[in-house]
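A.B. asks: Quick one: the structure is below, questions incoming.
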Amino acid sequence: MKYSNYWSITNSPLYSFIFTIPLFLIYEIGVFTISVNDIVILRNGADVLMRQVLGLFGIYGVYGFSASFMIGFMVAFLRQKKSLESTVIRGEYLIWMFFESICWGIILYVLMGLTAPLLMANSTGTMLQQVVLSIGAGIYEEFVFRVILIAGFGSILGFIFQWKKFAKITSGIILSAALFSLFHFMGDYGEEPNFSIFMMRFIAGIFLGIIYVFRGFGPAAYAHTVYDLIILTIVTTQL
């Protein structure tokens with residue numbers, strides 16, 4: 001495998017889309033099989049937030065965001081298809097992306113240090129529920145706070161201040177990371193305000209933002225999921 005080709009080719013919408021599909025399907029099937037009555041309650045917070053936004057445009061239903069997510073990803077891929085180096089999917093690259101993402105998740109865990117167990121948003125529910133929510137966090141939080149907000153903040157600030165690409169990306173990463181951290185303190189099930197925990201999640205958000213910018217949505221989503229599963233394992237074994 002030529003490593004230069006791997007890093008350039010896999011940092012594309014095509015590979016992120018294919019790479020994320022298994023994670024997406026596992027989450028959706030997991031939510032459905034847990035309990036039909038608890039689907040709305042158990043869905044990931046970012047998922048719920050986006051479904052509320054879609055409701056403003058008349059898109060309702062438990063799977064409204066799921067369908068919109070898939071359609072949006074396909075549209076993004078088709079728009080960028082001409083700029084791709086190749087549309088051929090190499091299976092060995094997907095396998096390497098999986099192991100790469102595990103490494104990013106482990107690095108994130110090490111980066112968080114001894115405070116890492118504090119960063120699990122919701123430790124209630126059964127083990128299956130927690131695993132499903134961990135996968136959902138990887139998909140939907142990365143989609144909202146990295147894919148949408150980094151581009152959104154960067155474009156708005158770049159337009160206002162006429163910033164170049166580096167400044168737009170940097171500002172997008174920082175602001176999306178701050179909102180990502182604040183998000184966990186919002187709503188009826190939000191945590192009590194804590195500056196130390198805010199800063200830890202802010203740092204995690206910056207790290208995941210950097211992964212997204214340089215490696216794409218897929219590795220960022222998997223890294224987030226791997227991190228949450230590591231914390232879930234630690235918390236569970238300590239009970």
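The values are calculated or read from the model by the stated rules, or taken from the named source; none is laboratory data. None of these values were measured; they are calculated from a predicted model. Ideal geometry is used to build each Cβ from the backbone, glycine not excepted, and the neighbour counts take in all protein chains shown.
A.B. asks: Give the residues of the stretch 138-165 that are surrounded by 15 or more Cβ atoms within 10 Å (Cβ to Cβ) and of a type in the set (Phe, Trp, Tyr), sorted by residue number.
C.D. replies: Scanning the stretch 138-165 gives Tyr140, Phe143, Phe145, Phe153, Trp163.
A.B. asks: Go through (1) aliphatic (A, V, I, L, M); (2) farther than 30 Å from Phe32 by Cβ; (3) crowded, with 23+ Cβ neighbours inside 10 Å and name the single condition Val132 misses.
C.D. replies: (2)
A.B. asks: Restricting the stretch 194-226 to residues that are of a type in the set (S, T, N, Q) and surrounded by fewer than 18 Cβ atoms within 10 Å (Cβ to Cβ), which is farthest from Thr10 (Cα to Cα)?
C.D. replies: It comes out as Asn194.
A.B. asks: Given the criterion hydroxyl-bearing (Ser, Thr, Tyr) and touching a Phe, Trp or Tyr at 6+ places or on another chain (Cβ under 9 Å), identify the matching residue among Ser196, Ser171.
C.D. replies: Checking each option against the conditions leaves just Ser171.
Yes/no per residue for (1) hydrophobic (A, V, I, L, M, F, W, C); (2) modelled with pLDDT of 90 or more; (3) in contact with a Pro (Cβ under 8 Å, 6 or more places away or on another chain):
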site	(1), (2), (3)
Ile139	yes, no, no
Ile156	yes, yes, no
Thr170	no, yes, no
His184	no, no, no
Ile206	yes, yes, no
Ala221	yes, yes, no
His224	no, yes, no
Ile234	yes, no, yes
Thr237	no, no, no
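A.B. asks: Among all residue pairs at least 6 apart or on different chains, which show Cβ distances below 7 Å where the first residue, located in the stretch 179-204, is among the hydroxyl-bearing types (Ser, Thr, Tyr) and the second is at pLDDT 85 or above and surrounded by 15 or more Cβ atoms within 10 Å (Cβ to Cβ)?
C.D. replies: Qualifying pairs under 7 Å: Ser181/Phe198; Ser181/Arg201; Ser181/Phe202; Ser181/Gly205.
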